[in-house]
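Read-outs throughout are calculated quantities, based only on the coordinates presented, and are distinct from any laboratory measurement. Just so we're clear, the structure is a prediction, and the values are computed from it rather than from any experiment. Here the Cβ is made from the backbone with ideal geometry for all residues, glycine too, and neighbour counts use every protein chain on show.
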Amino acid sequence: MPLIITSLDDSIGTIMFNHPATRNSLSSALLEELIEAFQAFARSKVRAVVLRAEPGVKVWSSGLHIEELPVSGRDPLSYNDPLEQALREIQHSPAPVIAMVEGSVWGGACDLSFTCDIAIGCPSASFAITPAKIGVPYNSSGIMHFMNVVGPRIAREMFFTAQPIGADRALQVGILNHLVPTEELEPHTYDLARQIARNSPLAISVIKEQLRLLSNSHPLSPETFERIQGLRRSAYDSADYQEGKNAFFAKRRPVFTGK
């Protein structure tokens, strides 16, 4: 059974999560299928891509598959991690990617939706970035995704509290481009995709790449980069990181000591 379902209609590609047993968690297997789908759509020269879940879901995606987090001492979000590769596929996709969000979005899936070019949601949509709940030090590129979308203050609140932001506030702070009634979510999303598809694909792909380059134009000195890596290493080498994973599997509240 495929973990995602793809379709192509009138130059618009659709990628739909298809693993309700794990609430569409971002396992390495699902992410590999997602990467392959984006690469296939690029070869087919689609003009827009819609990333969505099945209609009526309560959870759009539950985020990273916790069981696949590495043991203490290894970076849980390295450059070659499947999630990082999937995020880069979205960023480098020549076609704009629209996140069609129904239900809650958790952890790494929140980053996935933020990396999409446009996001449209309905009243059940909510967004929570939760690494602090399990002691995971998020990576710099991921934090930059949040800062580019919501700015540093809202990014701090989301990372520090790990609490969901509901649909109304998500629209207010810029997470969502549009908030529409549930019954209008699909037609509204695909109407926008068709508007995009009618425009010049070359101009759009060039503009998208310009936006990507400009949003990433924050060079770090080698010393700053090494300091960031050292700070993150102190977290994923810690007892708190192991405690977060243990508590998740035991279905209990973690007891963090800051060590």
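Worth a mention:
- Amide H to amide H, with H built 1.01 Å from N, residue 48 comes under 5 Å of 13, counting only residues 5 or more places away or on other chains.
- Alpha-carbon Rg with Dmax, taken over region 130-193, Å: 14.2, 41
- Estimated dipole of region 1-150 in Debye, rounded to 20 [Cβ of Lys and Arg +1, of Asp and Glu -1, Cα centre]: 220
- In a reduced charge model with +1 at each Lys and Arg Cβ and -1 at each Asp and Glu Cβ, the chain shows a dipole moment near 540 debye about its Cα centre.
- ³J(HN,Hα), Karplus 6.51/-1.76/1.60, whole Hz, each residue of region 128-145, x for Gly, Pro: 9, 9, 10, x, 5, 6, 10, x, 8, x, 5, 8, 5, 5, x, 4, 5, 4
- Principal-axis tilt of helix 201-215 within the chain, Cα atoms, nearest 10 degrees: 20
- Per residue of the chain, the DSSP helices (runs of n ≥ 4 H) give a summed -39500 (n - 2.57) that works out to -15500 deg cm²/dmol at 222 nm.
- Sorting 251, 133, 45 from the fewest to the most surrounding beta carbons within 10 angstrom yields 251, 45, 133.
- Working from the Cα coordinates of the chain, the gyration tensor eigenvalues give, after taking √(5λ), semi-axes of 30, 21, 18 Å in decreasing order.
- Ranked 12, 35, criterion: other C-beta atoms within 10 Å, fewest first: 35, 12
- Under a model in which nothing but the beta-carbon of Lys, Arg (+1) and Asp, Glu (-1) is charged, region 8-58 shows a dipole of about 160 debye around its Cα centre.
- Residue order, fewest to most surrounding Cβ atoms within 10 angstrom, among 253, 23, 156: 253, 156, 23
- In degrees, nearest ten, helix 182-197 long axis to first principal axis of the chain (Cα): 70
- Of 183, 89, 209, the one that fluctuates the most in a GNM where the chain has Cα springs shorter than 10 Å: 183
- Antiparallel bridge percentage (DSSP; both residues within the chain; nearest 5): 30
- 0 to 90° range, to nearest 10: angle between helix 82-92 axis and the chain longest Cα axis: 40
- Backbone HN-Hα couplings from phi across region 15-25 [Karplus 6.51/-1.76/1.60, Hz, Gly and Pro as x]: 10, 10, 4, 9, 9, x, 4, 10, 6, 6, 5
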